[in-house]
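Notes to accompany the following structure.
The values are calculated or read from the model by the stated rules, or taken from the named source; none is laboratory data. Here the structure is a predicted model, which is why all the values come from computation and not from measurement. With ideal geometry, Cβ positions are generated from the backbone for all residues, glycine too; neighbour counts draw on all protein chains shown.
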Amino acid sequence: MLNGTSMSRARKTAGIAQTYRAGKDEIFATCPDSCPLKPYETGTTEIDRDYESAVRRAVPRKGVAFLFTHFAPELWAEENAPEKTVFNYSADSLEQAAKYIKRGVASVAVVPADYWKNRVSHKVTESDGVKMVRCPDETTKIGCAGCGNGIPLCARADRDFGIVFTAHGAGRRKAGDNSERGGCYAENHFVGKHWRDLSKREQADETDAQAVTRFAKSLPPRAIFRPHIAGDLGNA
(Lines give C-alpha, C1' and ligand atoms only; values in the text may rest on other atoms or scores of the structure.)
Protein backbone atom coordinates (compact mmCIF):
# COMPACT_ATOMS: atom_id res chain seq x y z
CA MET A 1 0.00 0.00 0.00
CA LEU A 2 1.19 3.47 -0.81
CA ASN A 3 0.16 7.04 -0.11
CA GLY A 4 1.85 10.37 -0.57
CA THR A 5 1.95 14.05 0.09
CA SER A 6 2.84 16.53 -2.64
CA MET A 7 4.22 19.09 -0.20
CA SER A 8 5.85 17.75 2.96
CA ARG A 9 5.61 19.86 6.09
CA ALA A 10 8.30 17.96 8.01
CA ARG A 11 11.32 20.09 8.78
CA LYS A 12 13.94 18.23 6.75
CA THR A 13 11.74 17.36 3.78
CA ALA A 14 9.66 20.55 3.80
CA GLY A 15 8.54 21.54 0.32
CA ILE A 16 9.28 18.25 -1.44
CA ALA A 17 6.94 15.42 -2.42
CA GLN A 18 7.17 12.07 -0.70
CA THR A 19 5.38 8.75 -0.30
CA TYR A 20 5.12 6.02 2.30
CA ARG A 21 4.94 2.32 1.43
CA ALA A 22 3.84 -0.57 3.65
CA GLY A 23 2.35 -4.05 3.51
CA LYS A 24 -1.00 -5.10 4.89
CA ASP A 25 -0.77 -5.04 8.72
CA GLU A 26 3.04 -4.94 8.54
CA ILE A 27 5.09 -1.79 8.10
CA PHE A 28 8.30 -3.69 7.30
CA ALA A 29 6.74 -5.97 4.67
CA THR A 30 8.36 -4.06 1.78
CA CYS A 31 11.81 -3.96 3.43
CA PRO A 32 14.39 -6.72 2.81
CA ASP A 33 15.28 -8.98 5.71
CA SER A 34 18.93 -8.22 4.92
CA CYS A 35 18.49 -4.69 6.32
CA PRO A 36 20.18 -4.57 9.77
CA LEU A 37 17.89 -1.71 10.83
CA LYS A 38 14.85 -3.97 10.53
CA PRO A 39 14.01 -5.16 14.07
CA TYR A 40 12.66 -8.57 13.01
CA GLU A 41 12.31 -10.73 9.91
CA THR A 42 9.18 -10.83 7.76
CA GLY A 43 10.47 -13.05 4.99
CA THR A 44 10.86 -10.28 2.43
CA THR A 45 13.61 -11.18 -0.05
CA GLU A 46 12.31 -10.21 -3.50
CA ILE A 47 11.76 -6.88 -5.23
CA ASP A 48 8.34 -5.95 -6.58
CA ARG A 49 9.39 -5.61 -10.22
CA ASP A 50 6.31 -3.69 -11.35
CA TYR A 51 6.79 -1.15 -8.59
CA GLU A 52 10.55 -0.94 -9.21
CA SER A 53 9.98 -0.16 -12.88
CA ALA A 54 7.26 2.37 -12.13
CA VAL A 55 9.22 4.22 -9.45
CA ARG A 56 12.26 4.39 -11.76
CA ARG A 57 10.12 6.43 -14.12
CA ALA A 58 8.26 8.45 -11.51
CA VAL A 59 10.20 11.66 -12.12
CA PRO A 60 8.26 14.95 -12.16
CA ARG A 61 8.49 16.92 -15.41
CA LYS A 62 11.77 18.86 -15.36
CA GLY A 63 12.22 17.72 -11.77
CA VAL A 64 14.22 15.09 -9.92
CA ALA A 65 13.46 12.00 -7.85
CA PHE A 66 15.62 9.94 -5.53
CA LEU A 67 15.13 7.11 -3.08
CA PHE A 68 17.02 4.86 -0.68
CA THR A 69 16.91 1.08 -0.76
CA HIS A 70 18.45 -1.72 1.30
CA PHE A 71 18.11 -4.14 -1.60
CA ALA A 72 21.62 -4.69 -2.99
CA PRO A 73 22.39 -3.19 -6.44
CA GLU A 74 22.91 -6.68 -7.86
CA LEU A 75 19.18 -7.21 -7.41
CA TRP A 76 18.10 -4.06 -9.27
CA ALA A 77 16.61 -4.62 -12.71
CA GLU A 78 18.17 -1.40 -14.02
CA GLU A 79 21.15 0.79 -13.25
CA ASN A 80 20.82 4.50 -12.52
CA ALA A 81 20.38 6.52 -15.68
CA PRO A 82 19.67 10.15 -16.68
CA GLU A 83 16.08 11.39 -16.30
CA LYS A 84 15.12 8.49 -14.04
CA THR A 85 14.76 8.16 -10.29
CA VAL A 86 18.14 7.83 -8.61
CA PHE A 87 18.41 4.72 -6.47
CA ASN A 88 20.79 5.15 -3.52
CA TYR A 89 22.03 1.91 -2.02
CA SER A 90 21.79 2.07 1.78
CA ALA A 91 24.97 0.21 2.64
CA ASP A 92 25.58 -1.49 5.98
CA SER A 93 28.83 0.39 6.58
CA LEU A 94 31.12 3.09 5.20
CA GLU A 95 33.38 0.38 3.84
CA GLN A 96 30.57 -1.30 1.94
CA ALA A 97 29.36 2.05 0.59
CA ALA A 98 32.88 2.82 -0.63
CA LYS A 99 33.04 -0.51 -2.45
CA TYR A 100 29.89 0.27 -4.41
CA ILE A 101 30.84 3.88 -5.10
CA LYS A 102 33.99 2.58 -6.78
CA ARG A 103 31.68 0.56 -9.03
CA GLY A 104 29.74 3.70 -9.92
CA VAL A 105 26.72 3.01 -7.70
CA ALA A 106 25.27 5.92 -5.71
CA SER A 107 25.54 4.80 -2.09
CA VAL A 108 24.94 6.06 1.43
CA ALA A 109 25.68 4.79 4.94
CA VAL A 110 24.77 5.47 8.56
CA VAL A 111 27.42 6.15 11.22
CA PRO A 112 27.05 6.02 15.03
CA ALA A 113 25.62 9.05 16.83
CA ASP A 114 29.04 9.94 18.29
CA TYR A 115 30.98 9.38 15.05
CA TRP A 116 31.86 13.03 14.46
CA LYS A 117 32.99 13.73 18.02
CA ASN A 118 36.62 14.90 18.21
CA ARG A 119 37.12 14.63 14.44
CA VAL A 120 39.01 17.34 12.55
CA SER A 121 36.11 17.74 10.13
CA HIS A 122 32.46 17.42 11.08
CA LYS A 123 31.36 17.47 7.45
CA VAL A 124 33.60 15.08 5.51
CA THR A 125 35.21 11.72 6.15
CA GLU A 126 36.60 8.94 3.97
CA SER A 127 36.64 5.18 3.62
CA ASP A 128 39.06 3.13 1.54
CA GLY A 129 40.09 6.25 -0.34
CA VAL A 130 36.53 7.31 -1.12
CA LYS A 131 35.22 10.70 0.03
CA MET A 132 32.15 10.57 2.25
CA VAL A 133 30.09 13.74 2.68
CA ARG A 134 27.89 14.22 5.71
CA CYS A 135 24.28 15.07 4.89
CA PRO A 136 24.37 18.89 4.70
CA ASP A 137 21.15 19.18 6.67
CA GLU A 138 22.87 17.79 9.76
CA THR A 139 25.14 20.82 10.02
CA THR A 140 23.18 23.58 8.26
CA LYS A 141 19.49 22.56 8.61
CA ILE A 142 19.15 23.32 4.91
CA GLY A 143 16.66 20.53 4.18
CA CYS A 144 16.36 18.40 1.06
CA ALA A 145 14.76 21.25 -0.92
CA GLY A 146 17.71 23.55 -0.30
CA CYS A 147 20.45 20.96 -0.80
CA GLY A 148 22.65 21.26 -3.87
CA ASN A 149 20.98 24.41 -5.21
CA GLY A 150 17.82 22.55 -6.15
CA ILE A 151 19.41 19.24 -7.10
CA PRO A 152 19.97 17.38 -3.81
CA LEU A 153 23.23 15.48 -3.49
CA CYS A 154 21.25 12.25 -3.15
CA ALA A 155 19.59 12.96 -6.52
CA ARG A 156 22.95 12.93 -8.34
CA ALA A 157 23.54 9.49 -9.78
CA ASP A 158 27.00 10.20 -11.18
CA ARG A 159 28.61 11.46 -7.97
CA ASP A 160 31.95 9.97 -6.95
CA PHE A 161 31.40 10.37 -3.22
CA GLY A 162 29.11 8.81 -0.65
CA ILE A 163 26.55 10.44 1.62
CA VAL A 164 26.76 9.85 5.37
CA PHE A 165 23.82 10.05 7.75
CA THR A 166 24.33 10.14 11.49
CA ALA A 167 22.21 7.75 13.54
CA HIS A 168 19.39 9.66 15.16
CA GLY A 169 16.02 9.21 16.79
CA ALA A 170 14.87 6.73 19.41
CA GLY A 171 16.77 3.85 17.79
CA ARG A 172 20.06 5.65 17.24
CA ARG A 173 22.07 3.29 19.47
CA LYS A 174 21.07 0.23 17.43
CA ALA A 175 21.33 2.13 14.14
CA GLY A 176 25.01 2.75 14.83
CA ASP A 177 25.74 -0.90 15.67
CA ASN A 178 24.89 -3.53 13.06
CA SER A 179 25.63 -6.36 15.48
CA GLU A 180 22.17 -5.75 16.94
CA ARG A 181 19.04 -5.66 14.81
CA GLY A 182 16.87 -2.55 14.88
CA GLY A 183 17.32 1.20 14.81
CA CYS A 184 15.13 2.10 11.81
CA TYR A 185 14.39 5.82 12.13
CA ALA A 186 11.07 5.43 10.31
CA GLU A 187 9.36 3.28 12.93
CA ASN A 188 9.29 6.06 15.51
CA HIS A 189 7.49 9.37 16.11
CA PHE A 190 5.37 10.97 13.36
CA VAL A 191 6.87 8.94 10.51
CA GLY A 192 6.18 5.73 12.39
CA LYS A 193 2.61 6.78 13.15
CA HIS A 194 1.83 7.53 9.50
CA TRP A 195 3.54 4.31 8.43
CA ARG A 196 1.53 2.17 10.85
CA ASP A 197 -1.72 3.90 9.91
CA LEU A 198 -1.01 3.12 6.26
CA SER A 199 -0.44 -0.58 6.98
CA LYS A 200 -3.93 -0.83 8.50
CA ARG A 201 -5.73 0.48 5.43
CA GLU A 202 -7.47 -1.70 2.89
CA GLN A 203 -5.57 -2.13 -0.36
CA ALA A 204 -6.82 0.30 -2.99
CA ASP A 205 -8.02 -0.86 -6.39
CA GLU A 206 -4.73 0.28 -7.92
CA THR A 207 -1.36 -1.37 -7.36
CA ASP A 208 1.59 0.44 -5.79
CA ALA A 209 3.10 0.73 -9.26
CA GLN A 210 -0.02 2.42 -10.57
CA ALA A 211 -0.27 4.62 -7.48
CA VAL A 212 3.29 5.96 -7.69
CA THR A 213 2.88 6.61 -11.44
CA ARG A 214 -0.33 8.56 -10.84
CA PHE A 215 1.18 10.48 -7.95
CA ALA A 216 4.29 11.50 -9.88
CA LYS A 217 2.20 12.74 -12.81
CA SER A 218 0.20 14.94 -10.44
CA LEU A 219 3.28 16.83 -9.23
CA PRO A 220 4.11 20.27 -10.61
CA PRO A 221 7.06 20.85 -12.96
CA ARG A 222 10.51 20.96 -11.31
CA ALA A 223 9.26 19.19 -8.20
CA ILE A 224 11.63 17.19 -6.00
CA PHE A 225 10.22 13.75 -5.25
CA ARG A 226 11.43 11.27 -2.63
CA PRO A 227 9.53 7.96 -3.00
CA HIS A 228 8.88 5.73 0.02
CA ILE A 229 10.44 7.82 2.73
CA ALA A 230 9.33 4.83 4.78
CA GLY A 231 9.31 1.41 3.15
CA ASP A 232 11.28 -0.15 0.30
CA LEU A 233 11.07 -1.96 -3.05
CA GLY A 234 10.03 -5.37 -1.75
CA ASN A 235 6.99 -7.47 -2.54
CA ALA A 236 4.43 -6.70 0.15
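The residues of segment 184-208 that are within 13 Å of Ala22 (Cα to Cα) and either assigned to a helix (DSSP H, G or I) or within 17 Å of the chain's Cα centre (by Cα) (or both), listed by number, are Ala186, Glu187, Val191, Gly192, Lys193, His194, Trp195, Arg196, Asp197, Leu198, Ser199, Asp208. Against the definition (of a type in the set (Val, Ile, Thr) and either surrounded by fewer than 17 Cβ atoms within 10 Å (Cβ to Cβ) or in contact with a helix residue (DSSP H, G or I) (Cβ under 6 Å, 6 or more places away or on another chain) (or both)), how does Ile101 come out, yes or no? The answer is no for Ile101.
Asp128 falls short on exactly one of the conditions (1) at positive phi; (2) at pLDDT below 95, and that condition is (2).
Please determine whether any residue of segment 177-198 is modelled with pLDDT of 95 or more and acidic (Asp, Glu). Taking every residue of segment 177-198 in turn, none turns out to be modelled with pLDDT of 95 or more and acidic (Asp, Glu). The number of residues in segment 92-109 being touching a residue at least 40 places away in the same chain (Cβ under 8 Å), touching a strand residue (DSSP E or B) at 6+ places or on another chain (Cβ under 7 Å) and not in a helix (DSSP H, G or I) comes to 5.
From the list Tyr115, Tyr89, pick out the single residue that is out of contact with any Cys (no Cβ under 9 Å at 6 or more places or on another chain), surrounded by fewer than 21 Cβ atoms within 10 Å (Cβ to Cβ) and among the hydroxyl-bearing types (Ser, Thr, Tyr).
On the way: Tyr89 fails: surrounded by fewer than 21 Cβ atoms within 10 Å (Cβ to Cβ).
Criteria check complete, one pass: Tyr115.
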